[in-house]
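Q: Quick one: this structure, given as structure tokens, is what I'll be asking you about.
The values are calculated or read from the model by the stated rules, or taken from the named source; none is laboratory data. Note that the structure is a prediction, hence the values are computed from the model and not measured. Note: ideal-geometry Cβ built from the backbone for every residue, glycine included; neighbour counts use all protein chains shown.
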Amino acid sequence: MDSTSSPNTRSDDRTLTIRSTVDPATGTPACLIEWGAIQARLTPDVVHTTARDLMAAAAAAESDVALLAFLREDVGVDNNQALAHMLAHVRERRPVPAGRTALRIEAVAGADTGRPYVHIARGSMKGCLTPDEARGMGQIWTEAAAAAQIDARLRYALGEWNHLTPDDIERLFAIMRSVQR
């Protein structure tokens, strides 16, 4: 089943979408992302890693905001430069996620707003998500990666059945995509 998502990235009202597909050259599972003029075909592993990092960045942003509030309110640190220095040291101690991702992802503690954010980017496209939006996006990307793996198997099985042409199979998947929206 194809999976399509449209999380709003608040970037010039352009929407980042992801859907399952297959690599036309190899028939292997893939996900297609589209964001403005950017289009990329990704492996499910890269999509899963990106989803994991989105969720981790959401948690990190919330932790950073909580740490800053604790240092300001309970410890009495009111020097923004000192707070930034401490936060940088805390971030250095966090484990560095392994694996290739589709997006640049950064946990942000809004200095002026005191709110957590997750910044994402790919090429010239940039967006800002709340932690809940980042977690939601991570869930959608996880579903798209799983759907890509199922789609590739289904396409292969339908092709082996010898009752459908490749065009019939593509039309079937186009119908499934249109019903899902």
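Q: How many residues are surrounded by 13 or more Cβ atoms within 10 Å (Cβ to Cβ), of a type in the set (A, V, I, L, M, F, W, C) and assigned to a helix (DSSP H, G or I) if we restrict to the stretch 71-83? Explain how you work it out, then say what you get.
A: Of the stretch 71-83, the ones surrounded by 13 or more Cβ atoms within 10 Å (Cβ to Cβ) are 71-72, 77, 83.
In the following step, the residues that additionally are of a type in the set (A, V, I, L, M, F, W, C) were identified as 71, 77, 83.
With the extra rule that they be assigned to a helix (DSSP H, G or I), the set shrinks to 71, 83.
Result for the stretch 71-83: 2.
Q: Among (1) touching a strand residue (DSSP E or B) at 6+ places or on another chain (Cβ under 9 Å); (2) more than 30 Å from I169 (Cα to Cα), where does S20 come up short?
A: (2)
Q: Follow-up question, since we're still on this one. Check whether at least one residue in the stretch 148-166 is touching a residue at least 60 places away in the same chain (Cβ under 8 Å), touching a Cys at 6+ places or on another chain (Cβ under 6 Å) and crowded, with 17+ Cβ neighbours inside 10 Å, and report yes or no.
A: yes
Q: Let me ask another. With respect to T28, is the statement that it is modelled with pLDDT under 95, under 30 Å from I150 (Cα atoms) and of a type in the set (S, T, N, Q) true?
A: Numbers: modelled with pLDDT under 95: yes; under 30 Å from I150 (Cα atoms): yes; of a type in the set (S, T, N, Q): yes.
The answer is yes for T28.
Q: Which of the following residues is more than 30 Å from L42 (Cβ to Cβ), crowded, with 19+ Cβ neighbours inside 10 Å, in contact with a strand residue (DSSP E or B) (Cβ under 8 Å, 6 or more places away or on another chain) and not charged (D, E, K, R): L54, L87, L68? Write out each step before concluding.
A: On the way: L54 fails: more than 30 Å from L42 (Cβ to Cβ); L87 fails: crowded, with 19+ Cβ neighbours inside 10 Å.
So the residue among L54, L87, L68 that is more than 30 Å from L42 (Cβ to Cβ), crowded, with 19+ Cβ neighbours inside 10 Å, in contact with a strand residue (DSSP E or B) (Cβ under 8 Å, 6 or more places away or on another chain) and not charged (D, E, K, R) is L68.
Q: A further question follows. Would a scan of the stretch 113-125 turn up a residue that is in contact (Cβ under 8 Å) with a residue 12 or more places away in the chain, touching a His at 6+ places or on another chain (Cβ under 7 Å) and within 30 Å of R14 (Cβ to Cβ)? If you could, list the steps in order and put the result at the bottom.
A: Let us first name the residues in the stretch 113-125 that are in contact (Cβ under 8 Å) with a residue 12 or more places away in the chain, namely 114-125.
Pick out the ones that are also touching a His at 6+ places or on another chain (Cβ under 7 Å) and you get none.
Among the residues of the stretch 113-125, not one is in contact (Cβ under 8 Å) with a residue 12 or more places away in the chain, touching a His at 6+ places or on another chain (Cβ under 7 Å) and within 30 Å of R14 (Cβ to Cβ), which makes the answer no.
Q: Tell me, which residue of the stretch 89-110 that is outside any helix (DSSP H, G or I) and of a type in the set (D, E, K, R) is nearest to L129 (Cα to Cα)? Step through it out loud before you land on a result.
A: Within the stretch 89-110, the subset outside any helix (DSSP H, G or I) is 94-110.
Subsequent filtering for residues that are of a type in the set (D, E, K, R) retains 94, 100, 104, 106.
Details: R94: 21, R100: 21, R104: 13, E106: 10 Å.
By that ranking, first place goes to E106.
Q: Further question on the same structure: Quick check on my filter: what residues within the stretch 12-43 are of a type in the set (S, T, N, Q) and over 10 Å from A102 (Cβ atoms)?
A: Our first condition is that a residue be of a type in the set (S, T, N, Q); within the stretch 12-43, this holds for 15, 17, 20-21, 26, 28, 39, 43.
Passing the criteria: T15, T17, S20, T21, T26, T28, Q39.
Q: Let me ask something else. If P95 satisfies every condition in (1) surrounded by fewer than 12 Cβ atoms within 10 Å (Cβ to Cβ); (2) in contact with a His (Cβ under 7 Å, 6 or more places away or on another chain) but one, which is the exception?
A: P95 satisfies all of (1) surrounded by fewer than 12 Cβ atoms within 10 Å (Cβ to Cβ); (2) in contact with a His (Cβ under 7 Å, 6 or more places away or on another chain) except (2).
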